[in-house]
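Shown next, in structure tokens, is the structure this report addresses.
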Amino acid sequence: MATSIEFETGWVLPPKPIGGLDHLGVQAPCTALYAELLPGITNVTDRARYYAFHPWLIWQFDRRYPEQRQSRDAFARVIRRAECMFVLIAIRHSRGSEDQDPERHDAGLVGRQELQKVQGDVVDLDDFAGFEAPRRYFKNRLGGLGQYYFGPLRDLRILDATGKGRISVPGYDQERGVDLATAFDEGVDADRFFAVLEAPTVSTADLDALASVCPCHLATNAKEREALRNIFLARSPSFRLRGGERRRSSLGLTLELIAHDVARHPTLDFEEAFRVACYTGTLPTGTGWSPPKPLVAAMRGWGTYHRNELFSVALQGLFAAVLDSIVQQRLSKIATSAEAGPIAQGLCGDLGGELLAQRLDVAIDYQSRGLPGLEDWQNHAHEIQLGWRCTASPGQSGPKDRAVTSVTLLLALAARGLPDDPYCDFELDPDYFDRRNCICSRSNTS
């Protein structure tokens, strides 16, 4: 007897390409070194006043919305509206100030790019702070706090999550968090801020009345300023733990460099000047740099960090050149990854067939003969210059130029050599660079 069998078909989506910014995993070690050298501060925590503003917001939320304390949605709504107001106040204050200097007022604030487009004398916060608003200032549900600042503030033991799982909301430390919150509170009109936050619209008059919230007013709030200095410079015992001394040394090193007036270098940003000085031991002006003894380890650590950055840039530059060549010459397709090798070799033809055919040690020896002194960072063949050329925009260099520059940079780094224990200033896991564990090759897919 025939049996009827029912089949159910399930459609499977095709695999998606890997996202993220570090497909080769070469930026992960740089991030780890950065985090050790400057714990509690990252390359996206641009404004010091957020370190007091966010604890203050959570402290005020507890006092003003006690019945909603465990509601993640209610908390997110207040955080998003408050962050929007913070940016709008700063933008308004910047435009009306004599200096009109965004670095003092609104530069680096979360959502600034979108909120700068606001026109008119009245703003509906829902147009920008709403979770699904078409002009929303930021995608992360908890805004800049959730995306950028919560992690560093948690590492500093100022904030932490309360509750469990998906219903957890940020809370504050009763000593560190409250100190910052009350310090910020002394310089602002909290009642007016929250009255405007809950109003249907915000006017320019409201923003003007709340000008003391602008980041520039950190300079006039002595208590808040001192509280932040205690954190960043590890001046109080509670902040000397968990890497506080390293943060103090790194910031001290930047102040030492500023004292040499390199911040006004005609061609370099301060960050570039800092990297050049730490990597080469030479000020951008050409004179040697010998910081005070307590800062020497920090200088050496940042030199190691920059060497890793150059290595990362070189590998990613070669990777990008090969990808560009595949897109341009092979209609974005290759049969197997094995084809990438010959493509890379073809792009590097300008290095010369004889060099490309040599063993690696021979190629490194050849490169070392023309390598300028470490202090001669302005030389065209120096790894500092090669690194900058690797990161030039695609319109400034084609795949061949980028590939040649990347390989030359790799050879230059190898020719320069390494100390016997290059990571002696760091507390890395003993197996961090063991490829079997893949600790250092995990991509950033956030």
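Observations on the structure shown:
- With all protein chains kept in place, the per residue accessible area of the stretch 260-380 amounts to 57 square angstrom at a probe of 1.4 angstrom.
- DSSP-assigned coil residues among GluC sites (Glu not before Pro) in the stretch 51-158, each with at most 10 further Cβ atoms within 10 Å: Glu98, Glu132
- Distance between the modelled labels on Glu198 and Gln328, one decimal in nanometres: 6.1 nm (7 Å Cα→Cβ projection).
- Sparse packing (at most 14 other Cβ atoms within 10 Å of the Cβ) combined with a DSSP loop state is found for the following trypsin sites (Lys or Arg not before Pro) in the stretch 221-267: Arg235, Arg240.
- Förster radius 35 Å - calculated FRET efficiency between Val44 and Arg72, Cβ distance, rounded to 0.05: 0.95
- Label point distance in nm, Tyr432-Gln396, each placed 7 Å from Cα along Cα→Cβ: 3.1 nm
- One decimal place: the segment Lys139-His380 gains 82.5 nm when fully extended, by the rule 0.36 nm per residue minus the C-alpha distance.
- Between Leu356 and Ala297, the simple spin-label model (points 7 angstrom out along Cα→Cβ) gives 4.7 nm.
- Using a Förster distance of 30 Å, the FRET efficiency for Phe131-Ser238 (Cβ separation, nearest 0.05): 0.25
- The fraction of accessible area contributed by carbon and sulfur in the chain is 51 percent, rounded to a whole number (1.4 Å probe; ligands and nucleic acids excluded).
- Loop-located trypsin sites (Lys or Arg not before Pro) in the stretch 382-436 (DSSP state not H, G, I, E or B) with no more than 10 neighbouring Cβ atoms inside 10 Å: Arg435, Arg436.
- With protein chains left intact and a 1.4 Å probe, residues in the stretch 48-154 average 45 Å² of accessible area per residue.
- 3J(HN,Hα) from dihedral phi, the stretch 280-297, Karplus parametrisation 6.51/-1.76/1.60, rounded to Hz, x for glycine, proline: 9, x, 10, 5, x, 6, x, 8, x, 10, 10, x, x, 3, x, 9, 5, 5
The values are calculated or read from the model by the stated rules, or taken from the named source; none is laboratory data. Keep in mind that what you see is a predicted model, and the values were worked out from it rather than measured. Here Cβ is always computed from backbone atoms with ideal geometry, including for glycine, and neighbour counts include all displayed protein chains. Just so you know, the surface numbers come from the protein's heavy atoms only, side chains and all, with ligands and any DNA or RNA stripped out. Shrake-Rupley method; radii C 1.70, N 1.55, O 1.52, S 1.80 Å.
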